[in-house]
Amino acid sequence: MTIHREGTKSIAIATMLFCVLNVVMFWIFGSSLLWLCIIFLSVTLAFVLFVVSFFRIPSRTLTIHDGQIICPADGKVVVIEETVDVEYFKDKRLQVSVFMSPANVHVNRNPISGEV
């Protein structure tokens, strides 16, 4: 697994922000409310881990066959329907909608050759 290059800035900002917030929490409350500082540290650590996991690029092994199209995104296909596109193509097209939950890898790929 690697981290997408576009995510390094967001990860760095989130990490620095939460480090500063945790230092301020420990400095203000110190030993008087140590339990609150530990809870805050746990929540911020979980959020930083979420940000890191959002930008992950997992290792994939694909078996590709002729005539097979691979889904361009991780998630669940929620709609496959015929629709009329009036903006670009001005005719009927097949719409495939994929729902990506926060737990899915948010990378969209081009699963077939051609022009986009």
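Considering only the Cα atoms of the stretch 69-108, their convex hull presents on average a projected area of 3.5 nm². Each 5 Å bin, from zero up to the one with the longest distance, holds this percent of the alpha carbon pairs of the chain: 2, 9, 12, 14, 14, 11, 10, 9, 6, 5, 4, 3, 1, 0. Remark: the stretch 53-63, residue by residue, has Karplus-estimated 3J(HN,Hα) of 5, 5, 9, 6, 10, x, 6, 10, 10, 10, 10 Hz, where x stands for each Gly or Pro and the curve is 6.51 cos²θ - 1.76 cosθ + 1.60 at θ = phi - 60°. The ranking of 100, 16, 25 from fewest to most other beta carbons within 10 Å of each one's beta carbon is 16, 100, 25.
Helical content of the chain, expressed as a calculated mean residue ellipticity at 222 nm, amounts to -13000 deg cm²/dmol (DSSP H runs of 4 or more residues, -39,500 (n - 2.57) each, divided by residue number, nearest 500).
For residue 45 and residue 78, the FRET efficiency from 1/(1 + (r/R0)^6), where r spans their Cβ atoms and R0 equals 35 Å, is about 0.60. Stretching the chain fully between residue 109 and residue 85 yields a gain of 6.5 nm (0.36 nm per residue, less the alpha carbon separation). With R₀ fixed at 30 Å, the C-beta to C-beta distance from residue 32 to residue 52 puts the FRET efficiency at about 0.40.
Any read-out appearing in this document is the output of simple, stated calculations on the displayed coordinates, not a laboratory observation. Everything quoted here is computed from the prediction, not taken from an experiment. Glycine gets a Cβ as well: all are built from the backbone with ideal geometry, and neighbour counts include every protein chain shown.
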